[in-house]
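One structure below.
Read-outs: derived from the displayed coordinates by stated rules, not from any lab. What you see is a predicted model, and the numbers here were worked out from it, not measured in a lab. Counting neighbours? That spans all protein chains shown, and the Cβs are built from the backbone with ideal geometry, glycine included.
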Amino acid sequence: MKRVSPLLPASATFGVAYGVLAVTAGMGVFAPIVMSATTFAGAAQFAAASVIRDGGSVLAAVAAAVLLNARYLAMSVAIAPAFQGSRLRRFFESQMLVDESWAISQVGGGRIDRRMLVGAGLFLFPCWVGGTALGVFGGDVLGDPKRLGLDAAFPALFLVLLITLTVSRRAIVAAVAGGVIALALLPIAPAGMPVIAASAVCLAGLRRR
Amino acid sequence: MSTTWLVVALIGVFTIAFKAAGPVLLGGRELPAQMTAAFELLAPALLAALVVTQAVGGKQAIVLDGRLVGVGTAIVAVRLRAPLIVAIVAAAVATALARALFG
């Protein structure tokens, strides 16, 4: 689990930041912790807490989070062949799917190592949930994640994996297309859309064959 | 039920369903060859989009800040054949330094 270790302090610190934001937003003490344990997806949780803080409707909060998390549907179908065993086991293991565990467990050719994905998720989960609890009860104890540069840890991870994984010509084309689409949509589309639109690039691969 | 708990419940149900859909409904079965070929492109396209949104993403805006220093450092680290863990730590340290020095 060497690959996931540098992400654990980052995950915990952002968990704290989420806990602090959620309390400020008036979500109470237990709801944010329950949300970290069930939703377990940072960006969507930050978005939902912001909507609640700004007095937005339930629909607005849910829509923002669903849009942000829709990418998990594509990832979930893509990783399905790697999951074995009973339905219940597959269900619980699938909940360890987050961007970071998905990215780390890529073994090339669109395949993942399920044990690596679940293992990474099992390390990230307590950091995220524990961080949230710490933020809810203790406030800003670990410092601003941005001041510590931790917000650069995640794009750095994704970029390093992108560089190492993207070898074939088709993959390079997909990466460039995905990046350009995301960049173009960033200023105009609601959060979550740029990533979904970029993953639609793979549909082009479906057509091609 | 309060608004907060309703939001927590609804988002939780959606997210859990998204994550579980593939492994629970299709688990262990090979996907059709066509889909496998398409999903080969999912990883690079999605990773590239995550890099972009997390490196320069703001509130519906492109924001260039200290994160770019970190991402640049990670690229250099990888080019020098540093392991993943070193590249990530270097990215965070470089971004923190850039922010400390230039505000």
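Considering region B:19-55 alone, what residues qualify as being under 17 Å from residue A:197 (Cα atoms) and not small (Gly, Ala, Ser)? Before you say what the answer is, go through the steps one by one.
At the first step, the residues of region B:19-55 found to be under 17 Å from residue A:197 (Cα atoms) are B:38-54.
The answer is B:39, B:40, B:41, B:42, B:44, B:46, B:47, B:50, B:51, B:52, B:53, B:54.
Examine region A:8-22 for a residue that is without any contact (Cβ under 8 Å) to a residue 24 or more places away in the chain and of a type outside the set (Phe, Trp, Tyr), and state whether such a residue exists. The answer is no; no qualifying residue exists.
Region A:99-209 holds helices (runs of 4 or more DSSP H) entirely within its bounds, and those carrying 1 or more residues that are facing another protein chain (nearest Cβ under 7 Å), among the hydrophobic types (A, V, I, L, M, F, W, C) and over 30 Å from residue A:26 (Cα atoms) map to A:99-104, A:153-165, A:169-185, A:193-199, A:201-208.
Looking only at region A:131-154, which residues are buried (at least 17 other Cβ atoms within 10 Å of the Cβ) and farther than 11 Å from residue B:92 by Cβ?
Within region A:131-154, A:131, A:132, A:133, A:134, A:135, A:136, A:142 qualify.
When the test is whether a residue is hydrophobic (A, V, I, L, M, F, W, C), out of contact with any helix residue (DSSP H, G or I) (no Cβ under 6 Å at 6 or more places or on another chain), at the interface with chain A (Cβ under 7 Å from one of its Cβ atoms) and buried (at least 16 other Cβ atoms within 10 Å of the Cβ), residue B:71 does not pass it. Among the residues of region A:53-77, those that are within 24 Å of residue A:186 (Cβ to Cβ), over 16 Å from the mean Cα position of the chain (by Cα) and facing another protein chain (nearest Cβ under 7 Å) comprise A:61, A:62. One residue stands out among those in region A:54-105 that are among the polar types (S, T, N, Q) and touching a Pro at 6+ places or on another chain (Cβ under 8 Å): the one that is farthest from residue A:124 (Cα to Cα), which is A:76. Once region A:38-49 is narrowed to residues that are within 9 Å of chain B (Cβ to nearest Cβ) and not aliphatic (A, V, I, L, M), the residue that is surrounded by the most Cβ atoms within 10 Å (Cβ to Cβ) is A:45.
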